[in-house]
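Undergrad: Just passing along the structure, written as structure tokens.
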Amino acid sequence: MCGILGVFGRGSTTQVKSGLPLLKLRGKDGFSVEKVVHKDTLVGCVAHSLHSVVSVVKQPIHHKGMLIANCEIYNWQKLVASHSLRASNDADILCLMLDKFGVKAFPRLDGVYAFAYVRDGKVWLARDIMGEKPLWYAHTSTHFAFASEKKMLVLMGYEDVVELNPRQYLEYTISHNSLRLVARSFFQVGVKKETTLSYPEIKRKTRLLLEKAIDKRVLSLSHKFGLLFSGGVDSAFLAYYLKSKGYTFTCYVTAVTTPDLTTTPIDLVQAQSAAVKLGLDLKVVSISILEYEEILKKVVPLIEDSNPIKVGVAVPFYAASRVAAQDGCKVILSGLGSEEIFAGYDRHKQSSDINSECLSGLRKMYERDLYRDDVVTINNGVELRLPFLDAKLIRFALTIPSKYKLCEHAGGAASAGVIGKFVFRDLACDMGLPSEIAWAKKVAAQYGSKSDYALEKLARRGGFVSKAGYLRSLYAPYNLRVGVLFSGGKDSTYAAYILARQNYNLTCLLHMASHNLNSYMFQTAGIEVVPLQAQAMSLPLIVQDTNGVKEKELVDLKKLILRAKDEYHIDAIVTGAVGSTYQRNRIEKICEKIGVKVFAPLWHKDSKSEMEELLSLGFDFTLSAIAAEGLSLGLVGRSFTQADLGRLIAASRKVPISLNGEGGEFESIVLDCPLFLQRLILDEIDVVRENSCTAHLVVKKAHLEPKLK
């Protein structure tokens with residue numbers, strides 16, 4: 001694991017030097033700075049810091065082109081032999097492969113990487129398809145810059161810093177100061193793509209790919225390495241296999257310990273139990289509240305994120321990797337990725353298309369997990385390796401039929417029922433992992449380690465009403481600039497509220513005004529009040545008209561998002577999608593092409609829980625349309641209450657009604673909520689009735705008024 005940095009434009013050398021202090025933290029085994037000359041003219045400057053695991057080869061590397069890279073190419077020696085090339089290490093062969101094949105080299109590379117390759121007046125930036133190795137860039141009217149970490153570019157004075165989507169590569173033309181982003185193929189899913197292998201054959205191939213994925217990440221290591229260990233099936237499987245092959249490694253588990261805890265952190269309980277059963281070398285990293293606070297103050301600026309969930313995972317991760325580094329480990333393994341490829345989350349159980357849900361989760365990992373985990377480990381001088389995110393393993397796992405991923409398990413009380421990652425757990429048992437470990441349920445790292453508990457405790461001690469507010473005091477910048485795909489209804493408003501609570505910067509509202517009352521994608525009832533809602537939130541509103549023709553309305557949606565990206569420089573959008581795969585997939589496809597991230601915090605949320613949360617948080621909304629038996633016309637145009645929810649629950653026992661309207665039973669408009677600075681009052685309305693259980697609202701007159709204190 002290394003660090004790369006580069007600037008093209010006037011004063012590039014001076015700018016690069018200002019970013020060097022942070023770059024050097026990513027590698028302490030070597031360091032270099034080099035000017036870039038094109039046609040006898042100084043056009044840029046690049047720098048590289050080296051974290052050496054196997055061998056040392058100075059970068060930049062020069063052949064036909066010039067390369068600086070952060071990479072682990074596991075098949076580099078095979079590439080040397082098969083292409084008759086002479087290379088000293090994996091970075092060297094990467095440069096030679098790019099010399100020979102250009103971007104067509106990507107499919108031939110088995111490994112992880114982030115690099116800048118300079119040749120013939122152009123610069124290419126690319127990273128491995130999952131995005132394990134980080135890469136950011138900034139482009140202005142005078143300069144182009146890139147770096148392994150966002151904070152380096154910010155330190156150099158760049159404001160509009162973008163994370164390179166791993167499913168794109170970037171081509172920059174030096175003479176024109178112009179860039180273009182080119183799409184790369186990703187993994188594919190579909191019924192026709194599912195394997196026809198029998199279940200025993202599926203397990204056999206899964207085992208083979210898992211073993212190869214682990215071996216290639218540790219075979220070249222000549223010294224001890226570490227394993228992040230919780231005692232769950234993922235880390236236990238890795239430990240069991242590594243021990244069976246005679247590798248020397250230490251397991252690390254982190255647990256927050258405070259005098260007021262009445263129970264031992266579950267990760268510690270499971271890890272210690274599994275270590276005894278498997279005969280593992282386990283080191284417990286126990287941190288007090290004071291130690292937690294000390295680490296927290298380092299971690300939040302380090303990951304450049306004040307999202308409580310991300311921070312809750314990062315702190316125990318940081319603590320474990322720090323101790324691993326002190327023990328002399330230069331590499332540490334993690335079981336991250338198993339949940340996504342084998343369907344281990346609750347949202348997979350709610351999905352009608354399991355492999356599509358797996359694919360969607362994999363697309364988001366680079367923003368959600370991988371950057372955080374990379375900077376946390378490398379800051380401690382440890383390289384992170386992730387066997388479950390091996391490309392060949394992922395490709396096959398996405399062909400495994402859903403019935404083998406989510407399946408009924410007739411185990412004990414702790415593991416009975418429909419359980420995720422079935423094929424993987426079953427395979428683990430076949431290989432000898434004790435069944436009580438293989439089938440045990442696992443809680444998220446921030447809860448299993450009691451990290452979230454410590455964060456909550458520190459926030460209260462500091463007088464903050466929320467964990468997010470406390471974390472903002474440690475790191476002032478917002479996480480990302482987010483545009484809200486806004487209908488005026490409860491779901492899009494609640495989704496925006498969730499992101500605001502996680503310290504994302506709500507930058508603008510994006511509204512599709514559809515002229516088709518039966519649009520497949522967009523709400524139409526009550527949208528007359530959207531401009532007032534935008535005023536109530538004090539957010540700029542961008543409106544895009546559409547005729548609402550199925551599929552063609554997506555062209556208009558793309559125009560809307562492009563406008564928001566151009567005018568407000570949004571990094572992402574947030575959508576209120578709950579269960580419509582049709583809607584979510586199309587939004588994600590558009591944003592993928594544009595280079596905008598997508599957040600859907602309500603995805604597959606339990607409908608009853610959502611409605612209860614809305615009411616408890618003070619969301620005041622009215623139904624703007626109804627279209628289902630069991631719904632009363634009296635619900636349209638007035639505030640929805642807890643009693644209304646009770647009646648809706650009762651009605652759902654007689655007729656199939658989605659309690660949050662996700663099945664098209666109703667639409668809503670928000671009158672007030674914690675995001676509103678003023679309250680929306682409906683002065684004059686019409687309820688257009690079609691039959692006894694179908695109607696929609698037309699708002700003729702409305703205004704805003706101050707909220708009651």
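The values are calculated or read from the model by the stated rules, or taken from the named source; none is laboratory data. None of these values were measured; they are calculated from a predicted model. Using ideal geometry, Cβ is built from the backbone for each residue, glycine included, and neighbour counts are taken over all protein chains shown.
Undergrad: Go through (1) β-branched (Val, Ile, Thr); (2) in a strand (DSSP E or B); (3) touching a residue at least 12 places away in the same chain (Cβ under 8 Å) one by one and return the number of the condition VAL37 breaks.
TA: (3)
Undergrad: Pick from the stretch 136-162 the residues that are part of a strand (DSSP E or B) and touching a helix residue (DSSP H, G or I) at 6+ places or on another chain (Cβ under 7 Å): which of them is modelled with the lowest pLDDT?
TA: Among those that are part of a strand (DSSP E or B) and touching a helix residue (DSSP H, G or I) at 6+ places or on another chain (Cβ under 7 Å), it is VAL161.
Residue-wise test of (1) assigned to a loop (DSSP other than H, G, I, E, B); (2) more than 15 Å from ALA625 (Cβ to Cβ).
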| residue | (1), (2) |
| --- | --- |
| ARG647 | no, yes |
| LYS654 | yes, yes |
| GLU662 | yes, no |
| ILE669 | no, no |
| PHE676 | yes, yes |
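Undergrad: Using the structure shown, decide if TYR470 is free of Cβ contacts under 8 Å to residues at least 24 places away in the same chain and surrounded by 16 or more Cβ atoms within 10 Å (Cβ to Cβ).
TA: Against the criterion (free of Cβ contacts under 8 Å to residues at least 24 places away in the same chain and surrounded by 16 or more Cβ atoms within 10 Å (Cβ to Cβ)), TYR470 qualifies.
Undergrad: Moving to a separate point now. Based on this model, can you work out whether ARG425 counts as outside any loop (DSSP other than H, G, I, E, B), among the charged types (D, E, K, R) and not assigned by TED's automatic domain parsing to the domain that holds ARG372?
TA: Numbers: outside any loop (DSSP other than H, G, I, E, B): yes; among the charged types (D, E, K, R): yes; not assigned by TED's automatic domain parsing to the domain that holds ARG372: no.
No: the conditions fail for ARG425.
This table checks each residue for (1) touching a residue at least 60 places away in the same chain (Cβ under 8 Å); (2) charged (D, E, K, R); (3) closer than 27 Å to LEU704 by Cα; (4) exposed (fewer than 15 other Cβ atoms within 10 Å of the Cβ).
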site	(1), (2), (3), (4)
THR581	yes, no, no, no
GLY595	yes, no, no, no
LEU602	yes, no, no, no
SER616	no, no, yes, yes
LEU648	no, no, no, no
LYS654	no, yes, no, yes
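Undergrad: Does THR622 satisfy the condition of being surrounded by 19 or more Cβ atoms within 10 Å (Cβ to Cβ) and closer than 26 Å to ASP683 by Cβ?
TA: yes
Undergrad: Within the stretch 105-114, does at least one residue satisfy the condition of being more than 30 Å from HIS223 (Cβ to Cβ), free of Cβ contacts under 8 Å to residues at least 40 places away in the same chain and under 31 Å from the mean Cα position of the chain (by Cα)?
TA: Yes - at least one qualifying residue is present in the stretch 105-114.
Undergrad: PRO259 versus (1) in contact (Cβ under 8 Å) with a residue 40 or more places away in the chain; (2) over 19 Å from LEU433 (Cα atoms): which is the lone unmet condition?
TA: Unmet condition: (1).
Undergrad: Of the conditions (1) buried (at least 24 other Cβ atoms within 10 Å of the Cβ); (2) part of a helix (DSSP H, G or I), ILE498 fails just one. Which one is it?
TA: In the conditions (1) buried (at least 24 other Cβ atoms within 10 Å of the Cβ); (2) part of a helix (DSSP H, G or I), ILE498 misses (1) alone.
Undergrad: Just checking, which of ILE295, ILE303, ILE378 is hydrophobic (A, V, I, L, M, F, W, C), in contact (Cβ under 8 Å) with a residue 12 or more places away in the chain, farther than 23 Å from TYR241 by Cα and surrounded by fewer than 24 Cβ atoms within 10 Å (Cβ to Cβ)? Steps first, answer last, please.
TA: Details: ILE303 fails: surrounded by fewer than 24 Cβ atoms within 10 Å (Cβ to Cβ); ILE378 fails: surrounded by fewer than 24 Cβ atoms within 10 Å (Cβ to Cβ).
After ruling out the rest, the residue left standing is ILE295.
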